[in-house]
Structures are given as structure tokens and as C-alpha cells.
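The values are calculated or read from the model by the stated rules, or taken from the named source; none is laboratory data. Owing to the predicted nature of the structure, the values given are computational and were not obtained by experimental measurement. For neighbour counting, all protein chains shown are included, and Cβ atoms are generated from backbone atoms with ideal geometry for every residue, glycine included.
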């Protein structure tokens, strides 16, 4: 049996006991600390940095310090995933490695709808006293019409024997009416549902009054799967380890329950008042939440079921009415999931005669083109660059992240803002897009995305040329915030993947930039990025005749719509069934479009 040893993490004052030989990364996970780990512990991203304080560990071995700067090594930095605990030890989690107060997208707009939730409440109608013997009564619900609800023998007998007020909750979520709760008082005015956006990084939830159609509370949290990796394929790989599939399922369930607990506390309601749950996430998130084998999603052009998954809350492990239904918005393909279907429902593009384009760029990019007559989709591995990850000094959007950048073309002077106006710790997605566009405008980058020698701010770094965005005297980390040549290669790859994906749809359907009338930008990408900079850098084409709409968290808005309206559920299901999906991994046009987009801004017909 390996000896157990204590490990302390500063400045969080967290202590855990782990077997000797455990990696620092696993100890951090055990401690429940939210921590940067884009690659999931494979030793590829160098984001999981910790500072060794004292004790016993194998710091100093080649793998523990690989890729770290000389200054970091001198300050006892090491890589958590490659460093192992050999005895009592203490570590500092530096500011750049902590996930601290992320800026989570709250904005969403529920589309116009008629309120017709799947879960409704009805008072039991009692016959006049003495009119019927108890055993000969029939169950009647005030205002209910339709087929007789399914009920258990126990529920049936309870309702027949009732002599006082009873409130019956009936759910239609599973395609037929069923009684999911009986209350011993009039609770018809207390009927709630929860809509969840199960994101790769964050979980956002809203509590909805299903009687009045209003939002009662909002709450957010981080997806506890983060420490298993930032990218979807990394998490799929984690499920293949012993116990990994269940570990990631429980992490997703715990993340959702944390948000539900916040909603209940904010609204002051009981758990059992929540009678319906709608969840929108990408296909991988759905599979991980449901405990399915996500490994099949690695196969190109694999067929993915397009019907919504509906299960009981007690089966899912969610802290609501145990008999409530959990409705997962339908997926389309391995990388076009319920979140993208939610985006479509929120935008209304599936109901419009206008030719529309919807773009949602995050760790995975989704692009949907069409109108009420047809819809076609692609997904692209844009990588997490647009969310601040995979970049040397990149970070997610949280306090101290540089979110906007300008560069004076004449003097080369850099101006920037940070989230919460704190000293800069790194740069997030909107800041990276701003910086890239500003460097192009200032002549610091050429048309191929390479640095121009002799420009202010450009210097030779340890791994080649780099641009100093903020000098160390002004940063919270005490180190320069730079954009390296490798960062630019990664960013150019991401932008080419995004623009190339759009180009494939336009080419296949013979659509020109003048034909698009509506452009919907979803997620944090659309909410925080500067549209002019997106076109300037070549991430999306110029659409001269289009109206642009930032729809915010369309995934959450779509989940809310499906929570409030059975008609919206039908629209979501029809959208998923009929949407064409083109897998770019096996599409010949994508190579051509991607290659053309590797220049700034890109093809002349897209950027006249």
C-alpha cells in the first residue's frame, strides 16, 4: 500500500492527503480547485504551472520543467501534470494558473412564444360530499383536457381517497401525459423549470416560472470537467481511462447541481417545485452528461441520433423533483449539438425567408447557413484560441484579462483595457482578436501573419520573434505579456478554419457575400468581439447587405424557449431532423477554402 502524504496549496489554504507518487495535477483535482489544464494533463499546454514551496517532489526532472523559461525555473515553477509528490509538500498556485471569477456570458433573449410548458399543475376536482362512494369516483383535474394521464396505482388510489385540496402536476415531456407529483395543498401558482446551458467551460442556468413565463433567478458556475482538459477530444480521451467515463459524468452532474442550488437559494423555493429541466450542450457534453460512450464521436461522419434524449431527474442525478423530466435538446452530428440547435431556435432563422448565417466560435466552431426552407451546417476545430486558450499569455475571460487592444500606427503605442480594471494577467479571446487586427493595421504583421522586422515592440524571444504587448512592470504576474510567432501560427490556423468553414457552405450552395441578409453571432465570440476587427483579420467575410445580430447565449435562450413552449420543442426537433451536416474532415472543398484563408484577410471575393 502506498504511503499517504499531505499536500497544501497556497494561497487557497487547501489541504488534501494523497498516495505518495500522485501527480500534483491529480492532487489539485482532488482538492476541488478550479485550475488551468487545456491538454488535460498530457504535458502539452504548459498552462498547469505551480510553484514549489517546500517538501518532497521530483521537481527538476526534465519533464517537470520542459517548456518553462529560465526565470520560471529559477522561481521554482514546475508543471503540475508532470510533477509527482514524494512526501509532505506545499505549492503555490500562481495567479495565471487559477480560474478566478470568469466573465460568463449572461446575455440571452428568449424568442417570442406562447406559453405552453410541458409540465403543468391542476387542482383535483372533488365530487360533492356523499354524491359518490369513495371507491366509485373518477379522477378529474380542473382545466385539464386530453388523454387520461399515466399514473401509478399508488397515485390513483391516493387521488380517489382524497377528501381535501390536492394539486396534481402533469408532464407531457415524454410524449404522453403522466402524473409526476401530488401536493396536499393548492400549489398551482408554484410551478418552476430550469434551463441549463452545459458549456465546455461554463454552466449557466435560469429558473423559470412556468405559470407566468418569467425568469426568477440566474446562476453560473464552471464545468468541473475543466481539469480533465479544455478541448473536447481531450475529454473524450479521459473517458477511456479506468473509471473515466463515470468520473466525467459525475463532474457534469455536480456542475449542474451547483447551479441549481444557487437558483433555489436565490428564489427561495423548494427543490420539489422544479418540475421540468431543459439542457442544451454540444454533442460531446451531452454524451458525457448521459454517461454514453463518447469515443464514437471521434469517427468522421459517424451517424448521431437526432432525437432528443429525455430521462427522469432521479436517473440523471439532478436535485429537482425526482420524477421531473430532463429534456436534452437534440443533436445533429458529432460536433453540431443541442447548443447549436438552441442558437437556431433563439435566432429565429429557421422561421425567416431571409438567407441567414449563424456563427458560434468557441473551442469548437459551429456555422449554420439557410432559411425557413433549408438549413446546412458545418463544424470546425477552431481550437480554444478565440477563448484565450492555447496562446502563450492567453487566459479565459476573467479578472485581469486584457479584453480590448489598440495600437497607434504612427508611434506603436499600445492601449488596452482589462476585465474588472485590474492589472493585466494575460489576454482573453476578444483581446487577442483586437490585438491581431491592430497589429495588421499598424503594419506589425504582414499579409501572411508574420512579424515585420524593425517594427516597434517586435523583438527576438526564446522561441523566435515575439511582440511585447505589456511590459512586466505593468503586469500582475511580473512577466511580459507577449504574442509569439507560435501564437500567431495557431491564431492564423484558427481564423482560417473559421473562415474556411463559412466558405465551404457558401461555395456548396453558390452563395455570395451580397446574398446574406442576416448574420447571427452567438456566444461570447459574438457578444464581446469587435465586428469590424473580425472582418479586418479575416475571421468572417464582409457581408455588405447583412444586418448583424449578437444573440448572446443562444444555447441558453433556446433551452428556455423549449422549457416554456412545447411548440418550440417541436421546432428544435424539426430543425435537428432536417438540417444538412457536412463533415469538413472528409470534404475536399475545405482544404481549398482553408488554404485561401491563411492570408489576411483572405479571398478577394469575401473581402472586396
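Some observations on this one:
- Residue check for residue 359: at pLDDT 90 or above, buried (at least 16 other Cβ atoms within 10 Å of the Cβ) and over 23 Å from residue 36 (Cβ atoms): yes
- Hits in segment 21-35 - residues which are within 14 Å of residue 82 (Cα to Cα) and part of a loop (DSSP other than H, G, I, E, B): 21, 22
- Residues within segment 503-537 that are touching a helix residue (DSSP H, G or I) at 6+ places or on another chain (Cβ under 6 Å) and either modelled with pLDDT of 95 or more or in a helix (DSSP H, G or I) (or both), tallied: 9
- Identity of the residue in segment 579-592, touching a helix residue (DSSP H, G or I) at 6+ places or on another chain (Cβ under 9 Å) and part of a helix (DSSP H, G or I), that ends up surrounded by the fewest Cβ atoms within 10 Å (Cβ to Cβ): 591
- Test result for residue 310, at pLDDT 95 or above and more than 30 Å from residue 171 (Cα to Cα): no
- Filtering segment 229-241 for residues that are touching a helix residue (DSSP H, G or I) at 6+ places or on another chain (Cβ under 7 Å), crowded, with 19+ Cβ neighbours inside 10 Å and under 19 Å from residue 329 (Cβ atoms) leaves a non-empty set.
- Residue list for segment 373-397, restricted to those being outside any loop (DSSP other than H, G, I, E, B) and surrounded by fewer than 21 Cβ atoms within 10 Å (Cβ to Cβ): 376
- Residues that are free of Cβ contacts under 8 Å to residues at least 24 places away in the same chain, part of a helix (DSSP H, G or I) and outside the structural domain of residue 311 (by TED's automatic domain parsing) do occur in segment 157-177.
- Residues being more than 14 Å from the chain's Cα centre (by Cα) and over 18 Å from residue 109 (Cβ atoms) - total across segment 213-238: 8
- Matching entry among 454, 500, 412 (being outside any strand (DSSP E or B), in contact with a helix residue (DSSP H, G or I) (Cβ under 9 Å, 6 or more places away or on another chain) and either modelled with pLDDT under 95 or buried (at least 22 other Cβ atoms within 10 Å of the Cβ) (or both)): 500
- Lone qualifier among 563, 584 - being in contact with a strand residue (DSSP E or B) (Cβ under 6 Å, 6 or more places away or on another chain) and over 29 Å from residue 497 (Cβ atoms): 563
- A single member of 372, 459 is closer than 24 Å to residue 282 by Cα and out of contact with any strand residue (DSSP E or B) (no Cβ under 6 Å at 6 or more places or on another chain), and it is 372.
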